[in-house]
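What follows is a set of notes on a single structure, which appears directly below.
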Amino acid sequence: SESDLIPRCLPVEDYDLEDFDPSTPPRNPQEYLRQVQLEAAKCPDFVVKRQTMKVLLSICQPAPDGYSPSLKWQQIQVANFSAVRQSVVKHRAHWQAHTLDQNVMMPKVEDDEEASNPPQGIDYMKVGFPSLHRH
């Protein structure tokens, strides 16, 4: 099925739909995630909104002199966007070839000290990026 192709961001335990009552509020994080999954399953993959308001460009006033972006600035933005888009495409292709680890565990809510002082992660700009190639 298509849902098997989409990786799960958070691990959710298997559950029985007969025991699930959507009219009652979730009692724990697992029930909440189950409820979110079931609601998401009912949503279409994409939605196209009909335009409900007609926008007339003729009534829009041009920006005063000096307030419009220059052609050079616009070209720089397009070049930057293109570079980011190409990077995203490259990384998306790379990571689609890899499977997610099944041993990912979320932190426990009871651990208040870690929750109030979450780890900041690794600054790869300072330490360098790990090799993407396996040896």
Review point. Of the listed peptides 33-41, 77-85, what is their order by residue-averaged count of other C-beta atoms within 10 Å, with the highest listed first?
Key: 33-41, 77-85
Review point. Taking neighbour counts of Cβ atoms within 10 Å as a proxy for exposure, in what order, fewest first, do Thr24, Thr52 appear?
Key: Thr52, Thr24
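Each reported figure results from applying straightforward, stated rules to the coordinates on display, with no laboratory input. For clarity, every value in this text was computed on a predicted model and none was experimentally measured. Reconstructed Cβ throughout: ideal geometry from the backbone, glycine too, with neighbour counts over all protein chains shown.
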